[in-house]
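See below for the structure under consideration.
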Amino acid sequence: MKMHKLLLLAVACTWAMGAAAQWQWTDKDGRKVFSDRPPPPDIPEKSILKQPGGNRPARAAVPAAPAASDAAPAAAAPKTAASAPGAGKDKELEEKKAQAEAAEAAKKKAEDEKIAKAKAENCTRARAAKAAFDAGKPITQANAQGEKIFLDGPARAAEAKRIDEIVAADCVR
């Protein structure tokens, strides 16, 4: 049983060794880049955050660049390979942003429709109440104790003014 545990521990320790052989640097846009290959030559030494082995040796330790005739195709290949995954992520990010904006717009539209529906309902009620006031029918309301009281002259005028304000605010088309 102990042998199994020791074997498992050895495998776990060696598995983590692959993560130690990573380069980490900050690109020209300020984003952290993680790779198993050294950064491009245009990255300054101060931007390299981590190198394999944990120390920060000079770049001379990195294999020398090929001849000038071979340098252009070799330099172009890593850039296209490196930009392709980034471009996919940017496109993915833009799609997610567009979806979020569309969802926000739909949510705002639904809320605007809900408000418009509530205003239309308030308008209908206010117009019905105004028609009742204009007809001269006696109007009752409940007071603080829940008792029904008839509106007298000043209370009736105040209520008519309130209903007119509701009609003016909610019945605008």
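Criterion first (over 41 Å from the mean Cα position of the chain (by Cα), within 16 Å of ALA168 (Cα to Cα) and aliphatic (A, V, I, L, M)) does ALA144 satisfy it?
no
Which members of segment 163-173 meet the condition of being closer than 12 Å to ARG127 by Cα and loosely packed, with under 12 Cβ neighbours inside 10 Å?
The answer is GLU165, ALA168.
Go over the candidates GLU121, GLU92 one by one and state the one that is farther than 17 Å from ALA168 by Cβ, surrounded by 10 or more Cβ atoms within 10 Å (Cβ to Cβ) and either modelled with pLDDT of 85 or more or of a type in the set (D, E, K, R) (or both).
Selected residue: GLU92, the only one of GLU121, GLU92 that is farther than 17 Å from ALA168 by Cβ, surrounded by 10 or more Cβ atoms within 10 Å (Cβ to Cβ) and either modelled with pLDDT of 85 or more or of a type in the set (D, E, K, R) (or both).
For segment 1-28, what are the residues that are modelled with pLDDT of 85 or more and open to solvent by 100 Å² or more (accessible area, probe 1.4 Å)?
Listed by number, the list holds a single entry, LYS28.
Give segment 95-118 a look and list any residue that's open to solvent by less than 100 Å² (accessible area, probe 1.4 Å) and more than 30 Å from ALA157 (Cα to Cα), or say none.
Scanning segment 95-118 gives GLU95, ALA98, ALA100, ALA102, ALA103, ALA105, ALA106, ALA110, ASP112.
Answer with yes or no whether LYS148 is charged (D, E, K, R), in contact with a strand residue (DSSP E or B) (Cβ under 8 Å, 6 or more places away or on another chain) and open to solvent by 100 Å² or more (accessible area, probe 1.4 Å).
Spelling it out, LYS148 is indeed charged (D, E, K, R), in contact with a strand residue (DSSP E or B) (Cβ under 8 Å, 6 or more places away or on another chain) and open to solvent by 100 Å² or more (accessible area, probe 1.4 Å).
The values are calculated or read from the model by the stated rules, or taken from the named source; none is laboratory data. Computed from a predicted model, the values in this text were never measured in an experiment. So basically every Cβ, Gly included, is an ideal-geometry build from the backbone, and we count neighbours across all protein chains shown. Each accessible area value is taken on the protein alone, full model and side chains, heavy atoms only, with ligands, DNA and RNA left out. Shrake-Rupley method; radii C 1.70, N 1.55, O 1.52, S 1.80 Å.
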